[in-house]
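This report concerns only the one structure given below.
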Amino acid sequence: MKIETQCLHEGYEPKNGEPRVVPIVQSTTYCFDSTEHIAQLFDMPTEYMYSRFANPTCDAVEKKIAALEGGSGAMLTSSGQAASLCAVLNVCKAGDSFIAVSTIYGGTVNLFSVTLKKFGIECVWVSPDATDAQLKKAFKRNTKAVFGETIANPALRVFDIERFAKIAHEKKVPLIVDNTFATPVLCRPFEWGADIVIHSTTKYMDGHALQVGGVIVDGGTFDWAASGKFPEFTTPDESYHGVVYTRDFGNMAYIIKARMQLMRDFGCYQSAHAAFLLNLGLETLAVRMKRYCLNASIVAEYFKCSDKIAAVTYPGLPENGDRALVQKYLGDGCSGVITISIKGGRAAAIRFMDSLKLASNVVHVADIRTCVLHPASATHRQLTDEQLAAAGIDGGMIRFSCGLENVEDIIADIEQALAKV
Ligand SMILES: *Cc1c(COP(=O)(O)O)cnc(C)c1O
């Protein structure tokens, strides 16, 4: 199946007389005839028994996302943050370290540099422009993973997945890629050597600003046993009566370990109703992504021609610094997010944003409706102007997320708001 078809049909196939649409299985639990049957499930959970572990609605959506990414299996989580957390904790424990690219999403930066540090896990930061030699130097004996974002939010830097995957594999650790902004419609990181993919499904996958959620997808190709660095995958798990993940679950070792250990213990599950809403978004993902890309490329060109705009960053612009990476990884489009810098700094940016009528001023991105955010007064509010400059954010910077309105209406709105600046 091509990706548009997969979006509609993967994960759920009704049998004779069953509902056409994935049903919401709204039940915490499942009935069995015998105590012995339930006892067996506690040794080896092969059937639904409690919705924190697995649920038929979530299962259908997990299968769909795994198919879209080309992975062996997936696990929905309550948010993108929970997906990032579990993706790392499934391979790192206290005393370990991992490497992450410095331009990734601010919420992930905080999780990795502040909160995981309190768990005894160290994140070593590298530049997206690090040479192979610099990247190799960042590895330590206790390094257990490398982490990057396909299109970074909001820096919009494009990640050289294949290069980072190759070096991660030389060092016998997996590459984890946050594919939120690209979605599997525009880039499938497993095809470039990534081992684990995560998403904040809150963004394009849901698309309608309905439901916070996340997902982790297992590529199924990393050889945990051959690596020798992951005894938790290759030796008996005492908390599951001696399960050995690599031996018992083959190419789903990573994702089943995440479910059996981390979802069981942390409980950051996605509800059936949330998964149902996510699935509605997924059904049209391929169709929507094409239009986001088209609208954003037209809007980016428009911003470029305005004498009130100091700078426009959109990976799809021909002069973008990541052009070679865009051509390699994002041949089908560069998604819907643009960052602009308005001449006149903070005051001009605020005036522009407050003058927009169609575009909404929200703490969100990748919505079906055009929306804007001013990092200097929202997500990066605590920083001084000097610190903002060091983070590559100036007071005039705006994150502009193109929606699916007619692009002429989006531009008319920008035009009337810029006239007031
Ligand atoms: C929003 C976002 C997250 C966090 O996801 P939540 O669903 O808000 O928890 C992680 N990564 C990226 C790239 C994001 O844009």
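Close Cβ contacts (under 7 Å, 6 or more residues apart or on different chains) running from residues in the stretch 304-324 that are over 18 Å from CYS402 (Cβ atoms) to residues that are part of a helix (DSSP H, G or I) comprise LYS308/LEU418. Taken together, LEU116, LEU135, LEU111 contain a single residue that is part of a helix (DSSP H, G or I), touching a helix residue (DSSP H, G or I) at 6+ places or on another chain (Cβ under 9 Å) and within 10 Å of the ligand (Cβ to nearest atom), which is LEU111.
VAL91 satisfies every condition listed in (1) touching a Ser or Thr at 6+ places or on another chain (Cβ under 9 Å); (2) in a loop (DSSP other than H, G, I, E, B) except (1).
Checking VAL88, VAL126 one by one, the residue that is within 16 Å of the ligand (Cβ to nearest atom) and surrounded by 15 or more Cβ atoms within 10 Å (Cβ to Cβ) is VAL88 and no other. Just the residues that are within 16 Å of the ligand (Cβ to nearest atom) and either surrounded by fewer than 24 Cβ atoms within 10 Å (Cβ to Cβ) or not charged (D, E, K, R) (or both), please, taken from the stretch 63-76. ILE65, ALA74, MET75, LEU76 - these are the residues of the stretch 63-76 that are within 16 Å of the ligand (Cβ to nearest atom) and either surrounded by fewer than 24 Cβ atoms within 10 Å (Cβ to Cβ) or not charged (D, E, K, R) (or both). Given the structure, is SER79 farther than 23 Å from PHE222 by Cα and within 15 Å of the ligand (Cβ to nearest atom)? Here the answer is yes, as SER79 does meet what is asked. Of the residues making up the stretch 208-221, not one is farther than 15 Å from VAL177 by Cβ, more than 13 Å from the ligand (Cβ to nearest atom) and surrounded by 24 or more Cβ atoms within 10 Å (Cβ to Cβ). Does ALA194 satisfy being open to solvent by less than 10 Å² (accessible area, probe 1.4 Å), in a loop (DSSP other than H, G, I, E, B) and not assigned by the TED database to the domain that holds GLY396? Spelling it out, ALA194 is indeed open to solvent by less than 10 Å² (accessible area, probe 1.4 Å), in a loop (DSSP other than H, G, I, E, B) and not assigned by the TED database to the domain that holds GLY396.
Considering ALA82, ALA133, ALA94, ALA60, which residue is at pLDDT 95 or above and in contact with a strand residue (DSSP E or B) (Cβ under 9 Å, 6 or more places away or on another chain)?
None of the others qualify; the one that does is ALA82.
Checking the stretch 223-236 against the condition returns a match, with at least one residue being crowded, with 19+ Cβ neighbours inside 10 Å, modelled with pLDDT of 95 or more, in the same structural domain as TYR50 (by the TED database) and part of a helix (DSSP H, G or I). Per the listing ALA168, ALA155, the residue uniquely of a type outside the set (Val, Ile, Thr) and crowded, with 24+ Cβ neighbours inside 10 Å is ALA168.
The values are calculated or read from the model by the stated rules, or taken from the named source; none is laboratory data. In this text, all values refer to a predicted model and were calculated from it rather than measured experimentally. A quick note on method: Cβ atoms are made from the backbone with ideal geometry, for glycine too, and the neighbour counts reach across all protein chains shown. To get the accessible areas, we keep the full protein, side chains included, count just its heavy atoms, and leave off ligands, DNA and RNA. Shrake-Rupley method; radii C 1.70, N 1.55, O 1.52, S 1.80 Å.
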